[in-house]
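This report refers to the structure that appears directly beneath it.
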Amino acid sequence: MRRDIVWERLDRPGLEHLVLETGADGISAESLLLLDDDGGLVKLRYRLAMSKDWRTHQASFELAQGKARRTLEIARDGGGWKVDGVVRADLAGADDIDISGTPLTNTQAIKQLGLKSCKTKSFRIAYVKLPSLAVAAMSQEYTRLDPGEPPKRFRYTSPGFTAEVDFDEDGLVVDYPPGWKRRTK
C-alpha cells in the first residue's frame, strides 16, 4: 500500500511531502521537507526503512541549506546504533529515531507504545536535530488522551516542549500544533 501525505508548517513557511509504502517486508518512508529556518531555507530529503512494527533499522539524510550540504546515515543492528558507520554507545537503549523537523516520527512512537487510555510511557530516542543533523539521545513521553480504538490523540512531551497531537485511524499525524497540519485534497 502506498500513501502520499503532505504536511504544511503553520508557525513558519514549510512543507513536507512524504511517500509511505507498506509491504510484506516492512515499511519505507521517503520524504522531501522544505523549511524556513533562521539560517535560510532548509531542504531535507530523508529515507527510512522500518520493520512491520514501525522500528527503524536504517535512515539516510541529505540536507542543503544555502551553500552548506550535509549527509547522515543511521543504522541499527544487533550491536546497537551506528551513526555514519560508527557505533554510538550513548544511543544504547534508544527505542527509535526522532527527526526534529517532521511529524512522521511521532507515528513510529505511538505504533510501538501500545498504550492504554490515560496511560503515560517514556520513550528513549536517537534525536536528529535540524539543520545540523546532530544526533543525541533524548527522552520523550507520550500520554494517550483518547479512549477510542484506534487512539487518535496523544500528549507528546520532550525537554522544554509539550503538544497535544491528533492522529488518523492509521496512526499518522493530522494536527501537531503549533507547527504542522496535514493538508487534505
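Could you check the stretch 130-165 and list, in sequence order, the residues that are among the aliphatic types (A, V, I, L, M) and either exposed (fewer than 14 other Cβ atoms within 10 Å of the Cβ) or farther than 24 Å from W7 by Cα (or both)? Listed by number, the residues that qualify are A134, A136, A137, M138.
One residue stands out in the stretch 83-122 among those that are part of a strand (DSSP E or B) and charged (D, E, K, R): the one that is surrounded by the fewest Cβ atoms within 10 Å (Cβ to Cβ), namely K121. Cβ separations smaller than 8 Å between residues 6+ apart or across chains give the following pairs from the stretch 129-150 residues that are at positive phi and assigned to a loop (DSSP other than H, G, I, E, B) to residues that are surrounded by 17 or more Cβ atoms within 10 Å (Cβ to Cβ) and modelled with pLDDT of 95 or more: L133/F61; L133/L63; L133/L72.
Would you point out which residue out of K116, K121, K129, K52 is of a type in the set (D, E, K, R) and farther than 22 Å from T162 by Cα?
Step by step, each of K116, K121, K129, K52 is checked, and only K52 is of a type in the set (D, E, K, R) and farther than 22 Å from T162 by Cα.
Of all the listed residues (Y127, Y176), the sole one being out of contact with any Pro (no Cβ under 9 Å at 6 or more places or on another chain), buried (at least 20 other Cβ atoms within 10 Å of the Cβ) and closer than 26 Å to R9 by Cβ is Y127.
Sub-9 Å Cβ pairs linking a first residue in the stretch 168-185 that is touching a residue at least 40 places away in the same chain (Cβ under 8 Å) and assigned to a loop (DSSP other than H, G, I, E, B) to a second residue that is surrounded by fewer than 13 Cβ atoms within 10 Å (Cβ to Cβ) and acidic (D, E), at least 6 apart or interchain, are P177/D11; P178/D11; G179/D11, ordered by first then second residue.
One residue stands out in the stretch 39-59 among those that are small (G, A, S) and over 16 Å from the mean Cα position of the chain (by Cα): the one that is surrounded by the most Cβ atoms within 10 Å (Cβ to Cβ), namely G40.
Candidates in the stretch 60-95 are the residues that are at pLDDT below 95 and on the phi > 0 side of the Ramachandran plot; of these, the one that is nearest to the chain's Cα centre (by Cα) is G93.
The values are calculated or read from the model by the stated rules, or taken from the named source; none is laboratory data. Computed from a prediction, not measured in an experiment: that's the story for all the values here. Heads up, the Cβs are rebuilt from the backbone with ideal geometry, glycines too, and the neighbour counts pull from every protein chain shown.
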